[in-house]
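The values are calculated or read from the model by the stated rules, or taken from the named source; none is laboratory data. What you see is a predicted model; the values in this text were computed from it and never measured. Here the Cβ positions follow ideal geometry from the backbone for every residue, glycine too, while neighbour counts run over all protein chains shown.
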Amino acid sequence: MSRLPIVFAVVLALAPALAEEPQVMPDQLTFGYEDEGKVDASPAGCEAFVKENIDWPEPEMSNAIKDVCGARRRHVEAYAAIQESYKALAKQIGGDNRLDTAAAVASFEAMVKACIDHKSNVTTGGHNIMIDVIPHDIAARCLDMGRVMLDEETSWLTTDLEKRVHFSP
């Protein structure tokens, strides 16, 4: 009889955990950096930024607009690419209830954000148009790094089990 209260207490303590549904993977990644997903890589947006920040003669002004647009475009393309890679990984692991996919996604998002923060903290930020180019190039590089990691994981998960058993990092 004395064990019954202990068993009852353990069941009550575990009930919330047992009742919890596993967290599902979000539809897309969110890293939490400034202006995430809102980069204006249009020629008009690039030109507006450049003309607001510098007044150079031609052809330097046109080259500056091209440089700003190039950095912004690299950022936008890297953001889209990592989202596509994430969708491919989610297709492989999203339904596996043995995995803590929500925690994996949160860790991955934090890793990419930490890359952006790290690289931002080891740059002076530049001047003139580089105050726009540098942050976009940093974001693009970190997003690309993350995309490669997702692509490698997806590739590894889609190979035969026999090949995975012999995997070595």
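Each row is one residue, and each column tells you yes or no for (1) out of contact with any strand residue (DSSP E or B) (no Cβ under 8 Å at 6 or more places or on another chain); (2) in a helix (DSSP H, G or I); (3) farther than 27 Å from CYS142 by Cβ.
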{"position": "VAL50", "(1), (2), (3)": "yes, yes, no"}
{"position": "TRP56", "(1), (2), (3)": "yes, no, yes"}
{"position": "MET61", "(1), (2), (3)": "yes, yes, yes"}
{"position": "LYS66", "(1), (2), (3)": "yes, yes, no"}
{"position": "GLY70", "(1), (2), (3)": "yes, yes, no"}
{"position": "HIS75", "(1), (2), (3)": "yes, yes, no"}
{"position": "TYR86", "(1), (2), (3)": "yes, yes, no"}
{"position": "LEU89", "(1), (2), (3)": "yes, yes, no"}
{"position": "ARG98", "(1), (2), (3)": "yes, no, yes"}
Being more than 14 Å from GLY32 (Cβ to Cβ) and either within 21 Å of the chain's Cα centre (by Cα) or at pLDDT below 95 (or both) is the requirement here; does LEU161 meet it? yes
Restricting the search to the stretch 120-133, which residues are in contact with a helix residue (DSSP H, G or I) (Cβ under 8 Å, 6 or more places away or on another chain) and either without any contact (Cβ under 8 Å) to a residue 12 or more places away in the chain or surrounded by fewer than 17 Cβ atoms within 10 Å (Cβ to Cβ) (or both)? SER120, THR123, GLY125, GLY126, ASN128, ILE131
Selection count where residues are closer than 14 Å to ASP35 by Cα and of a type in the set (Ser, Thr, Tyr), scope the stretch 124-150: 0
Sole exception among (1) under 15 Å from PRO26 (Cα atoms); (2) exposed (fewer than 13 other Cβ atoms within 10 Å of the Cβ); (3) free of Cβ contacts under 8 Å to residues at least 12 places away in the same chain for ASN97, by number: (3)
If ALA106 passes every condition in (1) surrounded by 11 or more Cβ atoms within 10 Å (Cβ to Cβ); (2) under 25 Å from ARG141 (Cβ atoms); (3) at pLDDT below 95 but one, which one does it miss? (3)
For the subset of the stretch 45-81 comprising residues that are within 18 Å of PRO135 (Cβ to Cβ) and among the basic types (Lys, Arg), which member is surrounded by the most Cβ atoms within 10 Å (Cβ to Cβ)? ARG72
